[in-house]
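To start, the structure under review is shown below, and the notes come after it.
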Amino acid sequence: RVAASLTGAVLLAGASVWYALKPKEQRVHTAYGENRSVTLPDGSTVLLNGNSTLTFTDTWDDETPREVWLDGEGYFTVTKQRQ
């Protein structure tokens, strides 16, 4: 019983740490007629037009591609990626 309880506690603690460190998805939506400027984690900016949705993760690193999802219209000013 003790071993089973300890195993369960360790698994629960590991899952909690994984969830806390997992990148969070950010979603920005504009209303009809609204424009909004959004700064991405790498310093790039997106000017969203009305009734548009921009989705991205809140952490980026140099080893993975930068990805955003846009539903609607947006004007991107992209910063150069370090090599």
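Taking label positions 7 Å along the Cα-Cβ direction at both THR57 and PHE76, the computed distance is 1.7 nm, reported to one decimal.
Ranking SER52, SER37 by solvent-accessible area of protein heavy atoms (1.4 Å probe, all protein chains present), from largest to smallest, gives SER37, SER52. With Cα atoms as the point set, segment 30-79 shows a radius of gyration and Dmax of 11.2, 37 Å.
Placing VAL78, VAL46 in order of accessible area, with the largest value first and a 1.4 Å probe, yields VAL78, VAL46.
Taking all protein chains as shown and a probe of 1.4 angstrom, ASP61 keeps an accessible surface of around 70 Å².
The values are calculated or read from the model by the stated rules, or taken from the named source; none is laboratory data. A quick note: this is a predicted structure, and the numbers were derived from the prediction, not measured. When we count neighbours, we look across all protein chains shown, and the Cβ atoms used for this are built from the backbone with ideal geometry, even at glycine. Accessible surface is based on the protein model in full, side chains and every heavy atom, while ligands, DNA and RNA are left aside. Shrake-Rupley method; radii C 1.70, N 1.55, O 1.52, S 1.80 Å.
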